[in-house]
1. It is to be established whether one or more residues within the stretch 141-156 are at pLDDT 95 or above, closer than 14 Å to Lys41 by Cα and assigned by TED's automatic domain parsing to the domain that holds Ala101.
2. May I ask you to say which residue of Leu99, Leu149 is closer than 29 Å to Ile66 by Cα, part of a loop (DSSP other than H, G, I, E, B), touching a residue at least 40 places away in the same chain (Cβ under 8 Å) and hydrophobic (A, V, I, L, M, F, W, C)?
3. Kindly list, by first and then second residue, each pair from a residue in the stretch 172-200 that is over 16 Å from Leu80 (Cα atoms) and touching a residue at least 40 places away in the same chain (Cβ under 8 Å) to a residue that is part of a helix (DSSP H, G or I) and open to solvent by 20 Å² or more (accessible area, probe 1.4 Å), limited to pairs with Cβ atoms under 6 Å and residues at least 6 apart or on different chains.
4. If you check Glu72 against the conditions, is it in contact (Cβ under 8 Å) with a residue 24 or more places away in the chain, among the acidic types (Asp, Glu), open to solvent by 50 Å² or more (accessible area, probe 1.4 Å) and assigned by TED's automatic domain parsing to the domain that holds Ile185?
5. Would you confirm, using the coordinates I've provided, whether Glu196 is touching a Lys or Arg at 6+ places or on another chain (Cβ under 6 Å), open to solvent by 10 Å² or more (accessible area, probe 1.4 Å) and in the same structural domain as Arg108 (by TED's automatic domain parsing)?
6. Of the numbered conditions (1) crowded, with 21+ Cβ neighbours inside 10 Å; (2) out of contact with any strand residue (DSSP E or B) (no Cβ under 7 Å at 6 or more places or on another chain); (3) not basic (Lys, Arg), Gly14 fails exactly one; give the number of that condition.
7. Check every one of the helices (runs of 4 or more DSSP H) wholly within the stretch 170-266 and list those with 1 or more residues that are at pLDDT below 95, under 24 Å from Gly29 (Cβ atoms) and within 13 Å of the chain's Cα centre (by Cα).
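The values are calculated or read from the model by the stated rules, or taken from the named source; none is laboratory data. Remember, predicted model here, so these are calculated numbers, not experimental data. Cβ placement follows ideal geometry from the backbone for every residue including glycine, while neighbour counts extend to all protein chains displayed. Accessible surface is based on the protein model in full, side chains and every heavy atom, while ligands, DNA and RNA are left aside. Shrake-Rupley method; radii C 1.70, N 1.55, O 1.52, S 1.80 Å.
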Amino acid sequence: MLELKLDNVSKIYGGHRAVDGIEYILSHGVYGLLGANGAGKTTLLRMICGILEVTEGRILCEGTEIRKMGAEYRRLLGYLPQNFGYYPEFTARKFLMYLAALKAIPKREAADKVEELLRLVDLEQVKDKKVKTFSGGMVRRLGIAQALLGEPEILILDEPTAGLDPKERIRFRNIISALSKNRIIILSTHIVSDVEYIADKILLMKGGKLLSAGDIEHMLSQVRGKVWECCIRPEEAEAYQANFSVSNLRNTEQGVKLRIVADDCPLTDAVPVDPDLEDVYLYYFREFDREPLS
C-alpha cells in the first residue's frame, strides 16, 4: 500500500509561513482538504506535486524524499490545478492525446485510454469540438480527465468542482469514489458537500496549520454539544447573525429557526442538535466568540 508522509512540512515566503509544520501520513483513500481561501491548501498541494520546494521538513513517498525520486515520482502523480491551463484551439481528444504523449504513453494505449476517460467525464459527444467552445464546467471535466492519464496512484485535485453544476458535482463525486480503492486522492476545496459523502478522512487547514484531521465521525465528535437550534422573533434575527455563527436560518410560522454553532447555549430554550460537517467547518472557521444573549 502506497504511503505518502508529510514530515514537518513548511513553506516560507519572506518570513510568512504559508504552510507551517504539517505532519501527516496518507495511504489509499480520499482525503478532503478543507479550509478558507488563503489557508495554505494550494501551496501544500503544489509542494506534494513537487512544483514548489519545501522550505522546511520533508515529503516522503515510500520512505524516499520525492525530490530525489524525479521522474519516478512524477509517474505516480495526476494533478488538476486550481487554474487549469489548456490549448483553446485543440479539440478535447487532441488535447488529451497531446498530454498522453508528454507522459510517454504509447499511442495505441493512449487512444484507448483517452476514449475511456472522455466517456468517464461525459465529454464523449463533444470530443472533436474545440476546447474554446466549452463551458466552465466542461473545462473542469476535461481537467479531471487529464489528471487521470497514466493511471496515477496519487491524484491531487485543487478545487476540482469549480464551475460544475449540482448534477455534474454529484457525477464527479461518484467518479472519485470509484477511483479511490487503489489510490491516494487529495481533494482540496472550501465546499464542504464536495467531500462530506466521499472522503475517508478530513483535513482542516487554517493559517497554514493543520488544525484537525480524522474520519467524519471523529470530526463530528469535535463539535458535538456545540450546535444548537432555537426559534426567535424575526426582528431578532439580525442581532443573532451579528453575534453568532449561524449555519442555517429558516422562516417558519412560529418565527425564525436558527442553527447556531457556539460553545455555550445561545438562548435559554435552545436545544442541542446533531452536528454535520458544515457545522464542523463553521466551528473552526467562525469569526465570532461572543457571550450568549440573555
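1. yes
2. Exactly one residue qualifies, and that residue is Leu149.
3. Val192/Glu278; Val192/Tyr281; Ile198/Arg173; Ile198/Ser177
4. Criteria not met by Glu72.
5. no
6. Against the list (1) crowded, with 21+ Cβ neighbours inside 10 Å; (2) out of contact with any strand residue (DSSP E or B) (no Cβ under 7 Å at 6 or more places or on another chain); (3) not basic (Lys, Arg), Gly14 comes up short only on (1).
7. 193-196
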